[in-house]
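Engineer: The structure's right below; bear with me while I get my questions together.
The values are calculated or read from the model by the stated rules, or taken from the named source; none is laboratory data. Keep in mind that what you see is a predicted model, and the values were worked out from it rather than measured. Note that we place each Cβ from the backbone using ideal geometry, even for glycine, and neighbour counts take in every protein chain shown. Accessible surface is based on the protein model in full, side chains and every heavy atom, while ligands, DNA and RNA are left aside. Shrake-Rupley method; radii C 1.70, N 1.55, O 1.52, S 1.80 Å.
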Amino acid sequence: MKSEITISELAKLMNVSVHQIRYFEEKGVLQPAYTDTNQYRKYGMDQIYELARILLLRKLEVPVQSIKECMISHSADQQRQLLHHSLQEIEAELLRLQELRQFILKVLHEQQSYSLQPGPFHIKKRNSTFLTSFIQLDSHMRLNAAVLAEQANHILNLFEADIHYLYDGSDTVTLYLETQVPGDTTLPEGEYLTLQCNIQEEELEHWIEQFFDYAAAQSIPLLGPLVVIERSYLSLFSPGMLHYELQGLIAPAAKSEGGDPS
DNA sequence: CTTCTCACA
DNA sequence: TGTGAGAA
């Protein structure tokens, strides 16, 4: 009595595609019990158990290739290695997803806080920030594709970074990325006069003037370089525009000089 | 119904 | 690492 089943019956039984079963065969991890005279594959209990084992390992993300190697020499030690490796991959993926999650939250938060601003100007407390330079430009020269391409190694994910431009009054402007460890420069902690705008790149010069005009009109004493932060990820919802945040450190009021009624 | 091959993600 | 289409 022939108790073996066809490939489609096996597929239905194990909730997988017929294709996948043939794929396992091609990769050498699951042979049919025999092939019928009509070339149809036939499977028995042994194959059912074997397939169950393979599917379990696949569910644990063990590569088919590894499953095959493990069938030849199945030391229990090697089996644990497979699962250890899977575990590492999973943890790396977990980390990737957590970072992705953080980034989405960051975009949402920054976008929300920007849209809630009543006006373009406000005062913002900044913690001290470590910056590492990655490119320098003449102040008259616009950032172009060619110079970016030269630096391509340094900047994997420009589109998601806060790019800091520092205008220190000299004729060059330096681009920085934020880093966790101390780098080329540190922005001091303190209160920053801040101007946020969503504009075409050409308008930036104009807004820089607005920034200093406003500071002068309000008698706000600025200290140190002008910081321009480009948050390209905030331009997600306004194509063609760039989001800039202009910041200047407000000089701390000298101790014994009254005059600030707050 | 099965088989295989090819192109595609 | 599979899937989908098409021919036989």
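Engineer: Go through segment A:137-157 and give me each residue that's under 15 Å from the mean Cα position of the chain (by Cα) and at pLDDT 75 or above.
Structural biologist: Just the residues of segment A:137-157 that are under 15 Å from the mean Cα position of the chain (by Cα), to begin with: A:155-157.
Of everything in segment A:137-157, just one residue is under 15 Å from the mean Cα position of the chain (by Cα) and at pLDDT 75 or above, namely A:N157.
Engineer: Also, quick follow-up: How many of the residues in segment A:37-58 are within 16 Å of DNA strand C (Cβ to nearest atom), open to solvent by less than 80 Å² (accessible area, probe 1.4 Å) and outside any helix (DSSP H, G or I)?
Structural biologist: The number of residues fulfilling the criteria is 2.
Engineer: Right, next: Can you name the residue in segment A:63-75 that is without any contact (Cβ under 8 Å) to a residue 40 or more places away in the chain and within 9 Å of DNA strand C (Cβ to nearest atom) and, of all such residues, is most open to solvent (accessible area, probe 1.4 Å)?
Structural biologist: Applying the filter and picking the extreme gives A:Q65.
Engineer: Can you report the number of residues in segment A:177-199 which are more than 20 Å from A:K125 (Cα to Cα) and either crowded, with 18+ Cβ neighbours inside 10 Å or among the polar types (S, T, N, Q) (or both)?
Structural biologist: 1
Engineer: Residues being in contact (Cβ under 8 Å) with a residue 40 or more places away in the chain, outside any helix (DSSP H, G or I) and touching a strand residue (DSSP E or B) at 6+ places or on another chain (Cβ under 6 Å): count how many of those fall in segment A:1-36.
Structural biologist: Number satisfying all stated conditions: 1.
Engineer: Which of the residues belonging to segment A:200-233 are open to solvent by less than 30 Å² (accessible area, probe 1.4 Å) and out of contact with any helix residue (DSSP H, G or I) (no Cβ under 6 Å at 6 or more places or on another chain)?
Structural biologist: A:L204, A:I208, A:F211, A:A215, A:L226, A:V227, A:V228, A:I229, A:E230, A:R231
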